[in-house]
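Taking it in order: structure first as structure tokens, then the write-up.
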Amino acid sequence: MSPPPLTGLSPRWARIGGAALFSAYLFTILAGSVGATWPRQLPGPILYFTQVACLFPKAARMAIEYRVEAWSCADQGFTELDATPYFPIHADNKESRLHRTGFFYRRERKAMEALESYLVERVNRDAVPGQEIGGIRLSSVRHPLPAIDERPVPRFRAKPLADIPKDQVKAWFYTPASRRERQCRVAP
């Protein structure tokens with residue numbers, strides 16, 4: 001005599017209903033991830049659990065770093081400034097206070113003026129006479145990321161700003177010319 005066929009612990013109607021509910025859940029996740037707007041009509045708690053596929057809808061295509069150039073009072077031009085001595089915490093990576101300031105506050109004029117004031121004061125305090133600065137320019141550099149299937153991924157190396165194509169550099173803040181002149185006149 002053969003054993004009876006195995007059946008679930010719940011009634012058949014509950015298994016079918018659960019499978020239908022699970023299928024609707026997966027379909028809603030899929031629809032939301034490809035741009036359908038109807039899932040946004042769901043009540044908040046249900047919508048929350050169906051947005052798992054949309055956590056990172058736009059993958060990064062660029063690595064962004066921030067650079068500072070200083071206005072040389074002697075040369076009357078911008079030259080790249082090594083700001084790592086002035087931002088020692090995580091100075092060698094993107095968690096540096098300079099990179100965080102650039103990322104979060106690049107559009108905030110007061111924050112950028114505070115950054116300018118800090119750097120001008122600190123650089124001029126440490127400068128050799130005749131090497132003072134009158135202002136700064138903060139730029140972001142957007143490096144294209146390698147393709148997903150590219151192996152091995154090249155290790156990041158900071159290039160001089162002059163060697164980076166101009167279309168990858170965007171200036172966010174610079175000290176106005178009038179303030180550069182004023183700060184160069186009062187530089188020690």
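Looking only at residues of segment 119-153 that are out of contact with any Leu (no Cβ under 9 Å at 6 or more places or on another chain) and closer than 12 Å to Glu65 by Cα, we find that the one that is surrounded by the fewest Cβ atoms within 10 Å (Cβ to Cβ) is Pro144. Residues of segment 34-51 that are within 27 Å of the chain's Cα centre (by Cα) and over 17 Å from Phe22 (Cα atoms): Val34, Gly35. Within segment 1-41, the set of residues being assigned to a helix (DSSP H, G or I), surrounded by 10 or more Cβ atoms within 10 Å (Cβ to Cβ) and in contact with a helix residue (DSSP H, G or I) (Cβ under 9 Å, 6 or more places away or on another chain) comprises Tyr25, Thr28, Ile29, Leu30, Ala31, Gly32, Ser33, Pro39, Arg40.
For Phe156, indicate whether it is exposed (fewer than 12 other Cβ atoms within 10 Å of the Cβ), among the aromatic types (Phe, Trp, Tyr) and in contact (Cβ under 8 Å) with a residue 60 or more places away in the chain. Spelling it out, Phe156 is indeed exposed (fewer than 12 other Cβ atoms within 10 Å of the Cβ), among the aromatic types (Phe, Trp, Tyr) and in contact (Cβ under 8 Å) with a residue 60 or more places away in the chain. With respect to Val153, determine if the residue is aliphatic (A, V, I, L, M), under 23 Å from the mean Cα position of the chain (by Cα), over 15 Å from Leu81 (Cα atoms) and modelled with pLDDT under 95. Yes. Considering only residues in segment 88-105 that are in contact with a Phe, Trp or Tyr (Cβ under 6 Å, 6 or more places away or on another chain) and either assigned to a helix (DSSP H, G or I) or modelled with pLDDT of 95 or more (or both), the one that is surrounded by the most Cβ atoms within 10 Å (Cβ to Cβ) turns out to be Gly102. Would you check which residues across segment 160-188 are of a type in the set (Val, Ile, Thr) and surrounded by 13 or more Cβ atoms within 10 Å (Cβ to Cβ) and list them? Scanning segment 160-188 gives Ile164, Val169, Thr175. Here Asp149 meets the list (1) touching a residue at least 24 places away in the same chain (Cβ under 8 Å); (2) acidic (Asp, Glu); (3) not in a helix (DSSP H, G or I) almost entirely, failing just condition (1). The sole residue among Val128, Val123, Val141, Val68 that is touching a strand residue (DSSP E or B) at 6+ places or on another chain (Cβ under 8 Å), in the same structural domain as Pro176 (by TED's automatic domain parsing), aliphatic (A, V, I, L, M) and outside any strand (DSSP E or B) is Val123.
Given Lys159, Lys110, which one is charged (D, E, K, R), under 29 Å from Ala60 (Cα atoms) and either at pLDDT 95 or above or part of a helix (DSSP H, G or I) (or both)? Of the residues listed, the single one that is charged (D, E, K, R), under 29 Å from Ala60 (Cα atoms) and either at pLDDT 95 or above or part of a helix (DSSP H, G or I) (or both) is Lys110. For segment 62-75, the set of residues classified as out of contact with any helix residue (DSSP H, G or I) (no Cβ under 6 Å at 6 or more places or on another chain), of a type outside the set (Gly, Ala, Ser) and under 13 Å from Gln131 (Cβ atoms) consists of Asp75 only. Kindly indicate whether any position in segment 73-85 is in the same structural domain as Leu145 (by TED's automatic domain parsing) and in a helix (DSSP H, G or I). Yes, segment 73-85 contains at least one residue that is in the same structural domain as Leu145 (by TED's automatic domain parsing) and in a helix (DSSP H, G or I).
The values are calculated or read from the model by the stated rules, or taken from the named source; none is laboratory data. On a predicted model such as this, the values are computed, not experimentally measured, just so you know. Glycine gets a Cβ as well: all are built from the backbone with ideal geometry, and neighbour counts include every protein chain shown.
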